[in-house]
Amino acid sequence: MRELIDAVCSAFTEFDVPLAGSDVDGPIGWPGYGSSRLRAQERTGERESVVCGIGKIGGVEATLIVFEFGFLGGSLGRRTGDRIEAAFSRARELRTPVVSLIATGGSRMQEGMVALSQLQRIARQAALTRAAGLPQISVLRDPTTGGGWATLGAGADVVLALPGAQVGFAGSRVRPAGDASAYTAESQLAAGQVDQIVEDLPGALTRWLTLLTNASSESPEPPEALGSATLPETGWEAVQATRAPSRPHAGAYLDAYFDWREPISGDRCGGVDPGVRCGFGSRGGATFAYAAQSGAATLPAGFRTAARLVRLADRLGIPVLTLVDTPGAANDSAAERAGAGAAIADLFEAVASASVPVTTLVIGEGGSGGALAFAAPGQTWVAPDSYFSVTSPEAATSILKLPPDQVPTTANQLRLRPQDLVELGIAEGIV
């Protein structure tokens, strides 16, 4: 564990936290518990299952909570709770981000409900730190299970994991027989519970702490247009321009806009939408957040991930750039069962309530409410090869019970061209 601390940070100073409780066999008198604890101290050289202190990661001072799995399986007991509570309190005093390097089997059974109740203490401290506007990053080592996963791990703003780490609420000795691959970092990434799996932990922590502590003080400028600069003459021409295979999509815009960036992934509800890109990027030495549609129909998980991004950025004071490009929200039966309406409402609410500046650029298709949920009222711009419409021309034609050959005419009537959007007051201008 000490080697891990030395690898990720410099000038580490451990906090001095008194060890509460003098009872040899713990709060519930578990036979032999005192002896087990003494052996753990001799084996690891540590007095408890966590070490907490302050260190510098890259150029950023951070409060570290580091688990020693060799000390009773990195389990959470009363003294562990004392240390973690003190660490969060110091982080708020010092105004530092919190980085938790977790390796734990869960709550310490030899302390019974006293051990389990430490999860409430940890949750309270994390909530206070979140309310103070300080970022929290967790690193899931092998294993991260039980209450450590369900508090410090899954509850962090950004969740990183080491390759192959066992991650899950149920530990290996208590889970039902079945698919063990479900309890891996890779599986949790696929299920939207983890943001990144990292090989270079010191580098990843340096990048993330740099981004999350260096918010821009300016509103995001809309990106420059990367596609055609020619405005369409008709609505149907505008629609066709957005559907051209050569039109640049979100990846090209993000690469051109940011010097470098780091993604977040997943909605924390079991879903990932590959058609929505969210994260934080550095532009001119300052950080902006981004949520970008990539041209596909947006899934409920995409709306929830974007809402998570907007709320996190708002809490940390980081301005947000959104890119609109979708034919609309996914509307099949799977999307309805996954809560499409509630997910779209969640993003509308997140954007509407954000106190940080949010700037939007429509870079392609702007299909109905699934696109509008990503757009900032009063701060939406449009690219020349984009459109924004109450619904697609095809859907409008179908709703009006017109023959399919009327789709181009309907597109013209919808006034969805970039210049129409500016004239209607929907967009501020054409980039």
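Please treat every number below as a calculation from the coordinates, not as lab data. Every value quoted in this text rests on a predicted model; they were computed, and no experiment measured them. Glycine also receives a Cβ, built like all others from the backbone with ideal geometry; neighbour counts cover every protein chain displayed.
Couplings for the stretch 70-86, taken from phi via the Karplus curve 6.51 cos²θ - 1.76 cosθ + 1.60 with θ = phi - 60°, read x, 9, 6, x, x, 6, 9, x, 4, 5, 4, x, 4, 5, 5, 4, 5 Hz in order; Gly and Pro are left as x. Amide H contacts of Ile28 (H built 1.01 Å from N, in plane; Pro and chain starts excluded): no residue 5 or more places away or on another chain comes under 5 Å. Taking the Cα centre of the chain as origin and assigning +1 to Lys and Arg Cβ atoms and -1 to Asp and Glu Cβ atoms, the resulting dipole is close to 1220 debye. Take every Cα pair under 8 Å whose residues are at least 6 apart in sequence, average their separation, divide by the length of the chain, and the relative contact order is 11 percent.
When peptides 325-332, 349-356 are ranked by their average number of other Cβ atoms within 10 Å per residue, the highest-first order is 325-332, 349-356.
Positive-end ranking of Tyr290, Pro327, Ala375 along the dipole of the stretch 235-423, with charges on Cβ about the Cα centre, is headed by Tyr290.
Within the listed set Val60, Val272, Val50, the Gaussian network model of the chain (springs between alpha-carbon atoms below 10 Å) gives the highest mean-square fluctuation for Val60.
Ordering Trp208, Trp236, Trp30, Trp260 by the number of other Cβ atoms within 10 Å of each residue's own Cβ, fewest first, gives Trp260, Trp30, Trp236, Trp208. Residues in the stretch 26-33 carry Karplus couplings, in order, of x, x, 10, x, 5, x, x, 5 Hz; the curve used is 6.51 cos²θ - 1.76 cosθ + 1.60 with θ = phi - 60°, and Gly or Pro positions show x.
Would you please classify the overall shape of the stretch 140-274 from the alpha carbon gyration tensor, given that a ≥ b ≥ c denote the square roots of the eigenvalues, rounded means a/c under 1.5, and beyond that prolate means a/b larger than b/c while oblate covers the rest? Prolate, because a/c is 1.5 or more and a/b exceeds b/c.
Taken about its Cα centre, the stretch 2-212 carries a charge dipole of about 420 debye when Lys and Arg each add +1 at the Cβ and Asp and Glu each add -1 at the Cβ. Once Rg and Dmax of the Cα atoms in Å is calculated for the structure shown, the corresponding label among (i) 22.6, 72; (ii) 21.8, 66; (iii) 24.9, 84 turns out to be (iii). Listed peptides 216-223, 150-157 appear in the order 150-157, 216-223 once ranked by packing, highest mean of other Cβ atoms within 10 Å at the front.
Spatial offset of the stretch 225-254 relative to the stretch 354-431 amounts to 13 Å, using the alpha carbon center of each. Contact order, relative form, for the stretch 2-212: 17 percent (alpha carbon pairs under 8 Å, 6 or more residues apart, mean separation divided by residue count).
Find the centroid of the Cα atoms in the stretch 266-336 and in the stretch 121-191, then give the distance between the two in whole Å. Measuring centre to centre over Cα atoms gives 22 Å. Let me check against my output: what whole-number percent is the relative contact order of the stretch 109-229, with C-alpha pairs under 8 Å and at least 6 apart? Once divided by the residue count of the stretch 109-229, the mean separation gives 20 percent. For the pair Ser333 and Val422 in one chain, pulling the backbone fully straight at 0.36 nm per residue adds 28.5 nm over the alpha carbon distance. Under 5 Å between amide hydrogens, built in the peptide plane, is the criterion, and for Thr104 it picks out Thr144, Thr145 among residues at least 5 positions away or on other chains.
Label the stretch 2-212 by shape, choosing from rounded, prolate and oblate, from the square roots a ≥ b ≥ c of the eigenvalues of the Cα gyration tensor; if a/c is under 1.5 it is rounded, and otherwise prolate applies when a/b is larger than b/c, oblate when it is not. Judged from the Cα gyration tensor, the stretch 2-212 comes out oblate (a/c at least 1.5, b/c at or above a/b). Picking from Gln193, Pro357, Met113, whose Cα lies most toward the positive end of the charge dipole for the chain (charges on Cβ: Lys, Arg +1; Asp, Glu -1)? Of the listed residues, the answer is Met113. For the stretch 235-423, a simple Cβ point-charge model (Lys and Arg +1, Asp and Glu -1, everything else neutral) yields a dipole of about 320 debye relative to the Cα centre. Rounded to the nearest 500, what is the chain's calculated 222 nm mean residue ellipticity when only DSSP H runs of at least 4 contribute -39500 (n - 2.57) each, over all residues? The helix contribution divided over the chain gives -10000 deg cm²/dmol. 3J(HN,Hα) along the stretch 140-148: 8, 9, 9, x, 10, 9, x, x, x Hz, from the Karplus curve 6.51 cos²θ - 1.76 cosθ + 1.60 with θ = phi - 60°, whole Hz, x for Gly and Pro.
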